[in-house]
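Below: the structure, in structure tokens.
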Amino acid sequence: MKRLFPAPLLSLSLCALWLLLNLSLSAGNLLLGLLLGLVAPLMFAPLRPLPVSIRKPFVAIRLFVQVGRDVVSSNLAVAWGILRARSRPPRSAFVKVPLDLRDANGLAALSMICTVVPGTVWSELALDRSVLLMHVFDLDDEARFIEHFKTTYERPLMEIFQ
């Protein structure tokens, strides 16, 4: 059964999305939705990452709240940096952050966090996953930024995924 439906929730979601986008429950749309829901997960099953096991869900919730706070504060900081750019231009820099996190799912979550928090951009990951190159919009102290990044994001992700 698992080979026929590798991701039953995804199959159901794709079928529902197809029907919702077409705004029709006609036989043809229902058939196409079912076909899409069955075939797409089968075709993309080899691309799915390893199953995720979250070891500490409360740490994940705490990290989610922290990222939300950082998104708001970083939006304000970037807006303020843009508004005062004439008097004090931002000190943009590339920062090499040494990583202890090796789990693929944890690194994917870390990349999403870097993407969603304004002022930081995930630029490159070393082939051995030991160093992350990031671009920071306004950097005051590189060592303090690295310590904050590792403490705030990397360590909770290591607790969650490793």
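Values quoted throughout were computed directly from the atomic coordinates according to the rules given, and no laboratory measurement underlies them. Remember, it's a predicted structure, so these values are computed and weren't measured experimentally. We place every Cβ from the backbone using ideal geometry, glycine too, and count neighbours over all the protein chains shown.
On the beta carbon distance between Val71 and Lys2, with R0 = 30 Å, the FRET formula returns roughly 0.20. Each other residue within a Cβ distance under 13 Å of Arg84 adds +1 if Lys or Arg and -1 if Asp or Glu, for a net charge of +2.
The stretch between Ala16 and Trp80, if pulled fully straight at 0.36 nm per residue, gains 18.8 nm over its current Cα-Cα span.
The candidate values were (i) -0.38, -0.55, -1.56; (ii) -0.56, -0.73, -1.25; (iii) -0.62, -0.73, -1.21; the one computed from these coordinates for log10 I(q)/I(0) by the Debye sum over Cα atoms at q = 0.10, 0.12, 0.21 Å⁻¹ carries the label (ii). The lysines whose alpha-carbon is closer than 26 Å to the alpha-carbon of Lys56, local same-chain residues fewer than 8 away aside, are Lys150. Each peptide in 39-47, 83-91, 98-106, 127-135 gets a packing score, the mean of other Cβ atoms within 10 Å over its residues, and the list from highest to lowest is 98-106, 127-135, 39-47, 83-91.
Rounded to the nearest 20 debye, the dipole size of the chain about its Cα centre is 240 debye, using +1 on the Cβ of Lys and Arg and -1 on the Cβ of Asp and Glu. Relative contact order of the chain: 25 percent, from C-alpha pairs under 8 Å at least 6 residues apart in sequence.
Helix 104-116 and the longest principal axis of the C-alpha atoms of the chain enclose an angle of approximately 60°. Helix 57-83 axis versus longest C-alpha principal axis of the chain: approximately 60°, rounded to the nearest ten. Considering only Phe44, Thr151, Gly106, the residue lying farthest towards the positive end of the dipole of the chain is Phe44, judged by Cα position with unit charges set on Cβ.
Using only alpha-carbon positions in segment 8-47, the gyration tensor eigenvalues give semi-axes of 19, 9, 7 Å once each is multiplied by 5 and square-rooted (largest first). One equal scatterer on each Cα of segment 61-138, no solvent, Debye formula: the resulting log10 I(q)/I(0) at q = 0.17, 0.28 Å⁻¹ is -0.73, -1.30.
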